[in-house]
Amino acid sequence: LEMDLEFLKAMGIRMNLDKSNTLTFQKGTENEMGPSRLEIFSGAHQILSDHQPFYALLMSQTPYGGTVSDYVWKKRFSYAEELNKMVHAFDFSINQLMVRPGVEHTKKVEVFGKDLRSTAVLLIAALRREAVTVVHGLEHLSRGYNSFLENLCTAGAHIQ
């Protein structure tokens with residue numbers, strides 16, 4: 001996760017590991033933040049392609065946005081089309097996602113997760129909304145995130 005931690009630091013996210021080995025994250029000041037550029041390649045010491053939806057969502061919550069370029073999987077931005085139903089922030093081409101500061105939609109929406117990572121990022125995005133969001137595709141979560149829904153509920157999420 002070394003590359004992930006470096007990317008978060010470059011985004012202006014502060015990290016603190018305390019004496020009890022608890023890692024906390026905090027948004028930095030606007031002086032510490034700037035547009036983010038994430039490039040996904042295959043190979044060791046790279047940010048995994050599976051992490052990009054989560055970073056794209058995070059970029060949409062900054063004042064600067066950014067870009068995600070995926071050189072491993074072309075056309076892997078289906079999650080962005082669904083995220084746009086909740087927070088309009090994403091434009092994409094074959095292998096590049098342009099992320100701008102998001103404008104949240106305030107109406108009820110239905111979104112459709114097509115795989116494990118898209119369903120997870122849609123669920124996380126839905127949790128920060130005040131409007132009702134129906135997330136389809138939760139069956140994908142059981143393939144890779146053990147007790148994901150239960151863990152979110154333990155952390156205070158209200159999921160029905």
**Message:** Let me make sure I get this right: for segment 1-75, a, b and c are the square roots of the gyration tensor eigenvalues over alpha carbons, sorted descending. Under 1.5 in a/c it's rounded, otherwise prolate if a/b > b/c, else oblate. Which is it?
**Reply:** oblate
**Asked** Roughly how much of residue 72 is accessible, in Å² to the nearest 10, using a 1.4 Å probe?
**Response** 60 Å²
**Prompt:** Under a 1.4 angstrom probe, counting protein chains only, how are 22, 62 ranked by accessible area, largest first?
**Reply:** 22, 62
**Request:** Working with all protein chains in place, sort 19, 74, 9 by solvent-accessible area computed with a 1.4 Å probe, largest first.
**Result:** 19, 9, 74
**Item:** Sparse-neighbourhood loop sites, GluC sites (Glu not before Pro) in segment 57-160 - DSSP loop, at most 15 other Cβ within 10 angstrom
**Value:** 130
**Request:** Search the structure for amide H atoms under 5 Å from the amide H of residue 39, placed 1.01 Å from N in the peptide plane, and list their residues when 5 or more places away or on another chain.
**Result:** 69
**Complete:** Here the alpha-carbon Rg of segment 78-125 over 2.2 N^0.38 Å rounds to 1.10
**Asked** Using the Cα gyration tensor of segment 2-160, with a ≥ b ≥ c the square roots of its eigenvalues, what is the shape: rounded (a/c below 1.5), prolate (a/b larger than b/c) or oblate (neither)?
**Response** rounded
**Prompt:** In the chain, how many lysine pairs have Cα atoms under 23 Å apart, counting only pairs 8 or more places apart or on different chains?
**Reply:** 10
**Calculated from backbone phi, Karplus (6.51, -1.76, 1.60) coupling profile of segment 48-53 in Hz, x at Gly/Pro** = 5, 4, 5, 7, 4, x
**Complete:** A convex hull over the alpha carbons of segment 31-108 yields, per residue, a volume in Å³ of 80 Å³
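Residues of segment 64-160: accessible area per residue at 1.4 Å, in Å²?
Accessible area per residue: 57 Å².
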**segment 16-57 shape via C-alpha gyration tensor axes, a/c threshold 1.5** = oblate
**Item:** For residue 105, residues with placed amide H under 5 Å, excluding near neighbours
**Value:** 87, 88
**Request:** Step through the residues of segment 125-133 one at a time and calculate ³J(HN,Hα) from phi using the Karplus curve (6.51 cos²θ - 1.76 cosθ + 1.60, θ = phi - 60°), rounding each to whole Hz and writing x for Gly and Pro.
**Result:** 5, 5, 5, 8, 8, 8, 6, 5, 10
**Item:** Dipole magnitude (debye, nearest 20) for segment 60-160, charges at Cβ of Lys, Arg, Asp, Glu
**Value:** 140 debye
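The values are calculated or read from the model by the stated rules, or taken from the named source; none is laboratory data. From a predicted model like this one, the values you see are computed outputs, not experimental measurements. Every residue, glycine among them, receives a Cβ derived from its backbone with ideal geometry; neighbour counts consider all protein chains shown. All accessible areas refer to the heavy atoms of the entire protein, side chains included, with ligands and DNA or RNA removed. Shrake-Rupley method; radii C 1.70, N 1.55, O 1.52, S 1.80 Å.
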